[in-house]
Amino acid sequence: MADHNNVRSTHPTDVAERVDELIRGPQYAMPQAEKDAVLVSILRVLCRDVAGRCEPYGRFLERFGGDVDAWQSMSDVPPLPVPMFKRFLLSAVPPEKVVRQLLSSSTTGRQPSRIVIDKTTAFRQARALTSILKEHIGPRRRPYLVLDAPESVGDGENLTARGAAIRGVGNFADKTTFAMRSLPDGNLEPNWEGIESFFAEHQSGPVLLFGFTFIVWSRFVTEAERRGLRFGVSEAVLLHSGGWKKLTADAVSKEEFGRRTAAVLGCDERCILDFYGMVEQVGTVFVDCEAGNKHAPAFADVVIRRPLTLEQVDIGQAGIIEVVSTLPTSYPGQALITEDQGMLVGVDDCPCGRLGNYFRFTSRIEQTEIRGCGDTFAQSRELR
Amino acid sequence: MSILQITPEGSRPSGDTLAPLIESLNRRRSHMAEIPVDRLLALLDEFSGRLLRDERTRSLEGIMFLAAWLRRNNLQRLLELNLNGNPAYLDGFVSAGRDYLAAKPQGLVAMWMAGNVPTLPMYSLVPALLAKNVCLVKLAYPETGGMDRLLAVLADCRVEGLSGSELLEAIAVVWFDYHRTELNEQMSLAADAKIVWGGRSAIEAITALPRREHCTEIVFGPKYSIGVIGRERLEQDADPDGVVAAFVQDIAIFDQRACSAPQTIFVERNERYSLNEIGEMFARELAKLPAKPALDAYTTMQILSARAEWALDESRDVIASDDGANWTVCMDRDVVLKEAVQSRTIFLTEVESWWEIIPLLGPKVQTVGIALGRLETSQKFAEAATAACVARCVRPGIMNNYESPWDGKLLVGQLVRWVTLKP
Ligand SMILES: [Zn+2]
């Protein structure tokens, strides 16, 4: 353990090698205590390195990071709130090193998050996603049905969260089919003929599907049910991500989503896999296991923090989700506190056998009425 | 769970319609109208004393101030200010030469409370009762927040000719889900006067409800409050820490959720203290406060975001508690009203002169805590600020002290109908 803490990782180049090792995997084999030590030793170097190349983050780390060398656990690393990527362009590389900008799918009128990606980060993101998914769905390539429109992928330089996920999962495809058309008003329309012929063609073998949770539900599952469609693809695997908020509003539970989606496809419910991730940390995804828990891959982690004290919650308790990742080198995305709440279900003892922290997403953090009559207006932003 | 009624014994389910409660309040109107105002004042004075002695209420947040506010002298002065100098108008016709004038109750006053201040319902309930109205109060939360205990102590009060439990017959306190439009409508349509406290969305929803044509609608909030520390004060004062400590009191109370709590404090540039030194003074005072008992995830995120935003920006700076999201001092030179984060988060903004603040003021700014120096300067500031629709300019330390007028309104005066007799 002392080895992890002090000797091996003192230089960014050594650290880069160790991150690559972790990305190669295995993803869920390290006990949490060991993982803590490994990741903290990497983060000490990585955060300081990024701080040296990104002035604003340097100031942030100076204010809130304390003595970086004294970081002992993941919760000592000061997390940057995710909304900061909407307000600042936080780059740790010169413009000529930027190979891609990732943009959050913004709602109208809102400033999207902008994440700059250099070659190293892009490479790691792709490798990492593949390495994680391999452990859930196996390594082989298969026919890929994207429950979205081709337009959602975007071009190479400016990629949205949706596009990045569609591409990332695409690494497991031998042939890609898009199930939807984008209408002029921005809505999506399923191409049922295309969908039926895709399933007819690949009835017997394994197929891979991916879509955003809300789109899968509102445009695919419920419409297929209405049309009385059942596809009978027993070897289908559906990955989905993002957008539970709208489903919670429709009172659709994760269980109901899984059951009805599996019924439409004709596969086992355990082949409907939700993963948690965000555009600010592409490549770092927390995939559901067979027991319905989300696991952190080897090169990343999750910290569930109590409101107010910001201490890590105990097992069984809920708090604010922070995601930690060693992938980014081009921006300060190593420790990000999200606008989501989750529950720390356990450590090292999930029935599925995977080690490390495992958690469940519970809800977005919503404003409460408690703010009262003093809660007025965003004058500062409206005026400027 | 549909309607909960909050009583001295706690809360109990109360069916799915407000009709019986409204009916029994209406039956009580004539009885209420006949209670002499002096008896009401005596009973409330007794209530004031008991609140501080009774262990059910003496540790409620804001109870000291409420007790002082309920004292007979204070309420007497309040009535004089509200009622043309003479509370006797409440008891019947008072002659003015050949003519007569009286202040009659509006009737049923419906109140929608905000959840931010536990004792808040009392500040509209008492004026409504003094004006001899019957009151239907809707709390923001099913948790009573101490209201049941306040009612229980009131029920135990007794003075010559009036008991607390008798007065309670004129009050119904309820909770139901905010989204129950039909109940909100029922309440609104029963009202002769509506009092609404709350944030923007609550106020928009409640004022949009149908109401009777004669119904008076009185809205409190959403408001924003600020502070100003002047050059004169800083350059002459031997003890600027006292000013800072007083502002920190205003910040601490009700966890900065009241509309009268300062969110941004402007500091005039001066020869003695840099903005950073003032920031350090605030930090020292904030660090002395007892730890906050709890905080919701949303406000925690707002605090973390403000801290990060002020640290990432080169032209800004921030000092924060190292024990979680306890307190935060954000400093900059951006002359705007910062979005309220609340819960011990104060934005200090340096200005050359307080004149720069005046264009930011408007009807949404309620209270300005002023530490400006000479009386003449305070008067000059108050003239400019109130011309821009600010309601109160008060010294730091008393920003959250509820007083009449509030938000520019003399509440008791609006809860009566002025009637005339010219025989
Ligand atoms: Zn598991």
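The values are calculated or read from the model by the stated rules, or taken from the named source; none is laboratory data. Bear in mind that the values here come from a model prediction, so they are computed numbers and not experimental data. In this analysis, Cβ positions are derived from the backbone assuming ideal geometry, glycine residues included, and neighbour counts consider all displayed protein chains. SASA here: full protein model, heavy atoms, side chains in, ligands and nucleic acids out. Shrake-Rupley method; radii C 1.70, N 1.55, O 1.52, S 1.80 Å.
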Q: Could you tell me whether the range A:329-347 includes any residue that is open to solvent by less than 40 Å² (accessible area, probe 1.4 Å), assigned to a loop (DSSP other than H, G, I, E, B) and within 12 Å of chain B (Cβ to nearest Cβ)?
A: yes
Q) Can you name the residue in the range B:104-124 that is part of a loop (DSSP other than H, G, I, E, B) and at pLDDT 95 or above and, of all such residues, is nearest to the other protein chains (Cβ to nearest Cβ)? A) B:Gln106
Q. Which of (1) open to solvent by 20 Å² or more (accessible area, probe 1.4 Å); (2) modelled with pLDDT under 90; (3) not in a loop (DSSP other than H, G, I, E, B) is the odd one out, the single condition A:Ala251 does not satisfy?
A. (3)
(Q) Looking only at the range B:328-350, count every residue that is under 21 Å from A:Gln367 (Cβ atoms) and assigned to a loop (DSSP other than H, G, I, E, B) and tell me the total. (A) 8
Q. Which one is nearest to the ligand (Cβ to nearest atom), of the residues in the range A:351-368 that are away from every other protein chain (no Cβ under 14 Å) and within 22 Å of A:Ser241 (Cα to Cα)?
A. A:Cys352
**Q.** Positions within the range A:259-295 being away from the ligand (no atom under 14 Å from the Cβ), more than 11 Å from the chain's Cα centre (by Cα) and open to solvent by 10 Å² or more (accessible area, probe 1.4 Å), in sequence order
**A.** A:Arg259, A:Arg260, A:Ala263, A:Gly266, A:Cys267, A:Asp268, A:Glu269, A:Cys271, A:Ile272
Q. Residues that are closer than 26 Å to B:Asn401 by Cα and among the β-branched types (Val, Ile, Thr): which helices (runs of 4 or more DSSP H) entirely in the range B:219-310 hold 3 or more of them?
A. B:240-252
**Q.** Pairs, first within 25 Å of A:Phe299 (Cα to Cα) in the range A:348-369, second of a type in the set (Val, Ile, Thr) and within 11 Å of the ligand (Cβ to nearest atom), C-beta under 9 Å, six or more apart
**A.** A:Asn357/A:Val345; A:Tyr358/A:Val345; A:Phe359/A:Val345; A:Arg360/A:Val345
Q. Within the range A:169-197, how many residues are under 28 Å from A:Val98 (Cβ atoms) and touching a Phe, Trp or Tyr at 6+ places or on another chain (Cβ under 9 Å)?
A. 5
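Conditions (1) within 30 Å of B:Ala340 (Cα to Cα); (2) more than 16 Å from the ligand (Cβ to nearest atom), marked per residue:
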| position | (1), (2) |
| --- | --- |
| A:Pro297 | no, no |
| A:Asp301 | no, no |
| A:Gln312 | yes, yes |
| A:Ser325 | no, yes |
| A:Tyr331 | yes, yes |
Q: Name every residue in the range B:372-423 that is of a type in the set (Gly, Ala, Ser) and touching a residue at least 12 places away in the same chain (Cβ under 8 Å), in order of residue number.
A: B:Gly373, B:Ser378, B:Ala382, B:Ala384, B:Ala385, B:Ala388, B:Ala391, B:Gly397, B:Ser404, B:Gly408, B:Gly413
Q.
When you scan the range A:67-81, do you find a residue that is touching a helix residue (DSSP H, G or I) at 6+ places or on another chain (Cβ under 8 Å), polar (S, T, N, Q) and in a loop (DSSP other than H, G, I, E, B), even just one?
A. yes
Q: Looking for whichever is more than 20 Å from A:Phe214 (Cβ to Cβ), of a type in the set (A, V, I, L, M) and touching a Pro at 6+ places or on another chain (Cβ under 7 Å) here; the options are A:Leu129, A:Leu80, A:Leu133. Which one fits?
A: A:Leu80
Q. Given the structure, is A:Pro307 touching a residue at least 12 places away in the same chain (Cβ under 8 Å), crowded, with 24+ Cβ neighbours inside 10 Å and part of a loop (DSSP other than H, G, I, E, B)?
A. no
Q.
Being out of contact with any helix residue (DSSP H, G or I) (no Cβ under 7 Å at 6 or more places or on another chain), surrounded by 13 or more Cβ atoms within 10 Å (Cβ to Cβ) and of a type in the set (Lys, Arg) narrows it down to one residue among B:Arg39, B:Arg50; which is it?
A. B:Arg39
